[in-house]
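Q: One structure coming up, written as structure tokens, with questions to follow.
The values are calculated or read from the model by the stated rules, or taken from the named source; none is laboratory data. If you're wondering where the values come from, they're calculated on a predicted model, not measured in any experiment. Quick reminder, even Gly has a Cβ in these numbers, built from the backbone with ideal geometry, and neighbours come from all protein chains shown.
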């Protein structure tokens, strides 16, 4: 069968594996008494994924199906993507994504696993790329999504979502590119008209290389979402800037600035007009062919408009990180972000100043390597404790994941 598929231009790949997830969140409850508690979620699963692909002149086909059986659910995800050149100028792409999940929650292990509803999701997309010249290109897309829960509730509701988009790309030079995209989105929520909305999103992006050692990216996204009941409707503006300078073969400095302005049609205790600012400076050093070290300060500010509220805070942190790449055999990445958040008008009934330490690890070990894959182990850990000025607000969250798979 594999030989026959090769004869007609198709290639296949399989992945078979087992995995496990564990998360634990510790916090304090205060009602008639004060007591510590933990929310534990665990899951063991096995899976089989099948991939099919074909890449011919002017045509490309990609398809995959993943079947997952776990202690909490049975899930199947299917993807199909096909693109073809209609002529020298036009490329048409069709894509389907579907997922069916049945949650049984009948085999909890090691703790209480939070129940979740079963659902069926269907997503259809049609995209047309038009390139009349080397400088200009256009894209028109239509996306339909249908989400159906079994059963529904106030948080998990059936909906239909339509996304229509149009974009233009301009290659000003080999080192400069300008992109503009407009999206019109419309959501219909079944039996919950208050959640219906229409949305306009305009995105502008300029990507420019200033020579061979400096890179500047400017981005701005404007969005307007209008809900049926108008209560939660808002305007949002998110400009951002990223600048990197490779001043030696082994050293690079990066500056990232991200702003967000949010204005609601009607403000309330929950929906407050706000401006958020995130600024980060990073220094990256590459030592040899295997090691990369990162460090840099980060500042985050949130201000309510037109006047200060108890939600306003300022945060300062330091990020330290290291990456290890051992050829194709092993790679690992460790990040540790620690700092302090201070509320400007803290209300101890809802929040208090705190120190935090966010540690994360990602790793992959190719235990056995073959011409078509092999045996690999993927690892993930995330630990994020918070030490509050009000001890009763202390929080500690941890998540661990292991996945072993064999591909051929």
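Q: Mind checking which residues of region 189-203 are under 11 Å from residue 158 (Cβ atoms) and surrounded by fewer than 16 Cβ atoms within 10 Å (Cβ to Cβ)?
A: 190, 191, 192
Q: Can I ask one more? If I ask for residues that are surrounded by fewer than 16 Cβ atoms within 10 Å (Cβ to Cβ) and either in a strand (DSSP E or B) or modelled with pLDDT of 95 or more (or both), which ones from region 172-185 would you list?
A: 172, 173, 176, 178, 180, 182, 184
Q: Now, a different point. If you go through region 278-316 one residue at a time, how many are free of Cβ contacts under 8 Å to residues at least 24 places away in the same chain and farther than 13 Å from residue 256 by Cβ?
A: Going through region 278-316 one residue at a time, the tally reaches 2.
Q: Step by step: first the residues of region 51-77, then only those that are part of a strand (DSSP E or B) and surrounded by fewer than 15 Cβ atoms within 10 Å (Cβ to Cβ), then the one that is farthest from the chain's Cα centre (by Cα). Which residue is that?
A: Among those that are part of a strand (DSSP E or B) and surrounded by fewer than 15 Cβ atoms within 10 Å (Cβ to Cβ), it is 56.
Q: Out of all the residues in region 391-398, is one or more modelled with pLDDT under 90, over 21 Å from residue 47 (Cα atoms) and exposed (fewer than 15 other Cβ atoms within 10 Å of the Cβ)?
A: Yes - at least one qualifying residue is present in region 391-398.
Q: Going residue by residue through region 112-132, is there one that turns out to be part of a loop (DSSP other than H, G, I, E, B), in contact (Cβ under 8 Å) with a residue 60 or more places away in the chain and surrounded by 15 or more Cβ atoms within 10 Å (Cβ to Cβ)?
A: Within region 112-132 (the criterion being part of a loop (DSSP other than H, G, I, E, B), in contact (Cβ under 8 Å) with a residue 60 or more places away in the chain and surrounded by 15 or more Cβ atoms within 10 Å (Cβ to Cβ)), the answer is yes, since at least one residue qualifies.
Q: Could you identify the single residue in 286, 294, 278 that is farther than 25 Å from residue 227 by Cβ, modelled with pLDDT under 95 and in a strand (DSSP E or B)?
A: 286
Q: For the list (1) closer than 21 Å to residue 234 by Cα; (2) touching a helix residue (DSSP H, G or I) at 6+ places or on another chain (Cβ under 8 Å), I need the number of the one condition that residue 157 fails.
A: Going through the list (1) closer than 21 Å to residue 234 by Cα; (2) touching a helix residue (DSSP H, G or I) at 6+ places or on another chain (Cβ under 8 Å), residue 157 breaks only (1).
Q: Could you tell me whether region 310-330 includes any residue that is closer than 27 Å to residue 68 by Cβ and modelled with pLDDT of 90 or more?
A: Looking for residues that are closer than 27 Å to residue 68 by Cβ and modelled with pLDDT of 90 or more, one finds at least one in region 310-330, hence yes.
Q: Got a number for residues in region 150-169 being modelled with pLDDT of 95 or more and either assigned to a strand (DSSP E or B) or surrounded by fewer than 16 Cβ atoms within 10 Å (Cβ to Cβ) (or both)?
A: Total satisfying the criteria: 11.
Q: May I ask you to verify whether residue 332 is within 21 Å of residue 257 (Cα to Cα) and in contact with a strand residue (DSSP E or B) (Cβ under 7 Å, 6 or more places away or on another chain)?
A: no
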